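Below is one structure; the comments refer to it alone.
The values are calculated or read from the model by the stated rules, or taken from the named source; none is laboratory data. These figures come from a predicted structure and were not determined experimentally. Heads up, the Cβs are rebuilt from the backbone with ideal geometry, glycines too, and the neighbour counts pull from every protein chain shown.
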Amino acid sequence: MDTTYSYPKLRWPLDIQLHSAGDDHALVVRCPLGITDRPLLLVPAIAPILSKFDGALSFQQILDHFSPQGLDEATLKELIRLLDEHHFLANARFFAFEREHRDAFAAAPTRPAALAGLGYPNTAEPLRQLVAGYLAPYEPSVKGQKLIGIISPHIDYRRGGTCYGAVYPRLNESNAELLIVIGTAHQFSRNLFHLCGKDFECPLGLSSCDTEFVTQLAHRHGIKRAFQDEFLHKREHSLELQLPFLKMLKPTAKIVPILVGSFHSMLMHQRLPHEWEEYESFASALTEIVRQRASSGAEICFVAGVDMAHVGRAFGDEGALSQERMAEIAQRDAEYLQAIETHDKKRLFGHMAEDCDARRMCGFPTVYTLMDVIDRLGWRTRCNTVKYDQAVDYRSDCAVTFAGMAIYLL
């Protein structure tokens, strides 16, 4: 039975945020998965009404609750109509629309560049000039050291471009033609790891996927769970923002795209990742295939697209950001980076578990997985922090921290 109007229910996930421009304020509702591209702008007073769209309250109950504040039947019906039109309600219309989009992505031969024309130029020459400008201030690295991985930000170029520019020249120290590009899955899934077997589009050229590697990894880990939420790759920026730099520096390299979900349950239960079957299955499978490729002479480099702390009222913290607060964050971040530099993954996990990821370190699961696979391979490494930075907006009370790091084989 269609309960769109009788028992309205918002679907999930949705991104609902209050945006301000001078004296103008709007409640902006978006689909973070990109199933629908159109945002919906509402007056902020609608927010309490939306909180009641949980499928448990009837149309009449919602109307009765808010009628003392001036809500009438026609306005409530119009709100439901707008949400339904934008596919923001959990009903048959949305589920059919979602299935259509997921099936289309699954059938597509390539993963389109979602941020081209938005986060960076959508044509080759302007993008080439932009990337070259970020790389230019840094001396080209000299080969002679065995680079096996870099850790790069995935923040937008406007805020993090100098950090990308500082770390990416280190790729000149690697002859790798296979890049395991691994990064944060920002959208929720019941699965922990997400593979993609598609070539990735970029204005600088197509990044070819090593489909043989991806297929072997999926078979060892479980095809269903490896690809069940492949759709998350469609809009995820953590890998896409690496591609322009990779195409500039490693234009012929193949990629293995991997997204990593949250370790929240592990931190809550204070149980190390290898104690969870899903993690152990993936980490051991990835290690096995990397070992096989390396033993056959393949040069491999890991590229991790990760950010660090997300703090401030914009992320739900209490109290305004200050220079003193950001100094405290920098100190805690230094402890996090030191655990990575010393390749001590237990220390890294303990650092995160002691406050249950209070800084919202979105890159932690990816970095831990990378360190663990290196351990399993038996590779002795050293890691250098190339650059650490903070993007702080005191006006919007929003701060993100990030770093560039290079990992070498001893």
>> Checking Ala218 against (1) buried (at least 16 other Cβ atoms within 10 Å of the Cβ); (2) in contact (Cβ under 8 Å) with a residue 60 or more places away in the chain; (3) not in a strand (DSSP E or B): exactly one of these is not met. Which one?
In response: (2)
> Of everything in segment 328-342 that's of a type in the set (Gly, Ala, Ser) and free of Cβ contacts under 8 Å to residues at least 60 places away in the same chain, which residue is farthest from His310 (Cα to Cα)?
Replying inline: Ala339
> Of all residues in segment 3-38, how many are in a loop (DSSP other than H, G, I, E, B) and over 20 Å from the mean Cα position of the chain (by Cα)?
Replying inline: 10
>> Residues that are without any contact (Cβ under 8 Å) to a residue 24 or more places away in the chain and surrounded by fewer than 22 Cβ atoms within 10 Å (Cβ to Cβ): does segment 360-372 have at least one?
In response: no
>> So, in segment 313-340, exactly how many residues are under 13 Å from Cys398 (Cα atoms) and of a type in the set (D, E, K, R)?
In response: 4
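Listed here are the residues, each with its yes/no results for (1) surrounded by 14 or more Cβ atoms within 10 Å (Cβ to Cβ); (2) at pLDDT 95 or above; (3) under 26 Å from Lys234 (Cβ atoms).
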| residue | (1), (2), (3) |
| --- | --- |
| Cys31 | yes, no, yes |
| Ile35 | yes, no, yes |
| Ser58 | yes, yes, no |
| Gln61 | no, yes, no |
>> With the condition being touching a helix residue (DSSP H, G or I) at 6+ places or on another chain (Cβ under 9 Å), in contact (Cβ under 8 Å) with a residue 24 or more places away in the chain and buried (at least 22 other Cβ atoms within 10 Å of the Cβ), I'd like the helices (runs of 4 or more DSSP H) fully within segment 232-307 carrying at least 2 qualifying residues.
In response: 237-240, 243-249, 277-295
> Residues Gln216, Gln242, Gln187: which one is more than 16 Å from Ala106 (Cα to Cα), over 20 Å from the mean Cα position of the chain (by Cα) and not basic (Lys, Arg)?
Replying inline: Gln216
>> If I filter segment 343-358 down to residues being without any contact (Cβ under 8 Å) to a residue 12 or more places away in the chain and either in contact with a helix residue (DSSP H, G or I) (Cβ under 6 Å, 6 or more places away or on another chain) or closer than 23 Å to Asp397 by Cα (or both), which single residue comes out as surrounded by the fewest Cβ atoms within 10 Å (Cβ to Cβ)?
In response: Asp355
> Has segment 200-221 got any residue that is farther than 26 Å from Tyr120 by Cβ and among the aliphatic types (A, V, I, L, M)?
Replying inline: yes
>> Anything in segment 186-205 that is in a strand (DSSP E or B) and surrounded by fewer than 22 Cβ atoms within 10 Å (Cβ to Cβ)? List them, or say none.
In response: Asp199
> Of the numbered conditions (1) in contact with a Gly (Cβ under 8 Å, 6 or more places away or on another chain); (2) outside any loop (DSSP other than H, G, I, E, B); (3) closer than 20 Å to His237 by Cβ, Ile180 satisfies every one except a single condition; which is it?
Replying inline: (1)
> Exactly one of (1) closer than 30 Å to Phe227 by Cα; (2) surrounded by 13 or more Cβ atoms within 10 Å (Cβ to Cβ) is unmet by Gln145. Its number?
Replying inline: (1)
> What number of residues in segment 317-342 are surrounded by 13 or more Cβ atoms within 10 Å (Cβ to Cβ) and not in a helix (DSSP H, G or I)?
Replying inline: 2
